[in-house]
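In what follows, a structure is listed as C-alpha cells, so that the remarks can point back to it.
The values are calculated or read from the model by the stated rules, or taken from the named source; none is laboratory data. Quantities reported herein were computed from a predicted structural model and do not represent experimental measurements. Here the Cβ is made from the backbone with ideal geometry for all residues, glycine too, and neighbour counts use every protein chain on show. Heads up: the accessible areas ignore ligands, DNA and RNA and are worked out on the full protein's heavy atoms, side chains in. Shrake-Rupley method; radii C 1.70, N 1.55, O 1.52, S 1.80 Å.
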Amino acid sequence: MDVKVEKRDGKLEDYDAGKIIKVVVTAGLGQEEAEKLAEGITKWLSQWGQHKVTSLQIRDRVILEMQKIDKDVSRAYISY
C-alpha cells in the first residue's frame with residue numbers, strides 16, 4: 001500500500017502503521033489490541049482508495065475505532 005500522510009505542517013510521509021501502534025500503546029491500549037486497531041486503520045485506508053490522507057483524518061479514525069475498544073484509553077489518546 002502506497003499512501004502518503006500529510007502532516008499538519010504540510011510535509012508528506014509514508015503511512016506507517018507502527019506509529020499508530022506506538023501511540024495507542026502509550027495511551028494505554030494493550031499491544032495485541034493496538035495491532036488489531038492498526039490493521040483496521042490500514043484496511044480502511046486501502047478500501048478508501050486514496051493515495052493521500054491527512055494525519056487528522058487518521059487521528060479521527062483511530063479515535064473512532066479506539067472508542068469501540070476502550071473509552072478511557074480513547075480519552076487518554078485524545079489528550080496525548
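Per-residue answers, yes or no, for (1) part of a helix (DSSP H, G or I); (2) modelled with pLDDT of 90 or more; (3) open to solvent by 50 Å² or more (accessible area, probe 1.4 Å):
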position: Met1; (1), (2), (3): no, no, yes
position: Asp9; (1), (2), (3): no, yes, yes
position: Lys19; (1), (2), (3): yes, yes, yes
position: Leu29; (1), (2), (3): no, yes, no
position: Thr42; (1), (2), (3): yes, yes, no
position: Gln47; (1), (2), (3): yes, yes, yes
position: Val53; (1), (2), (3): no, yes, no
position: Val62; (1), (2), (3): yes, yes, no
position: Met66; (1), (2), (3): yes, yes, no
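Can you list residue pairs whose Cβ atoms sit under 6 Å apart, with the first residue in region 59-75 being closer than 14 Å to Val25 by Cβ and the second being among the β-branched types (Val, Ile, Thr)? Count only pairs 6 or more apart in sequence or on different chains. From residues that are closer than 14 Å to Val25 by Cβ, the pairs are Ser74/Ile63.
When region 31-40 is filtered for residues that are exposed (fewer than 15 other Cβ atoms within 10 Å of the Cβ) and touching a residue at least 12 places away in the same chain (Cβ under 8 Å), only Glu39 remains. Look at (1) within 12 Å of the chain's Cα centre (by Cα); (2) small (Gly, Ala, Ser); (3) surrounded by 15 or more Cβ atoms within 10 Å (Cβ to Cβ) and you find that Ala76 fails only one, number (1).
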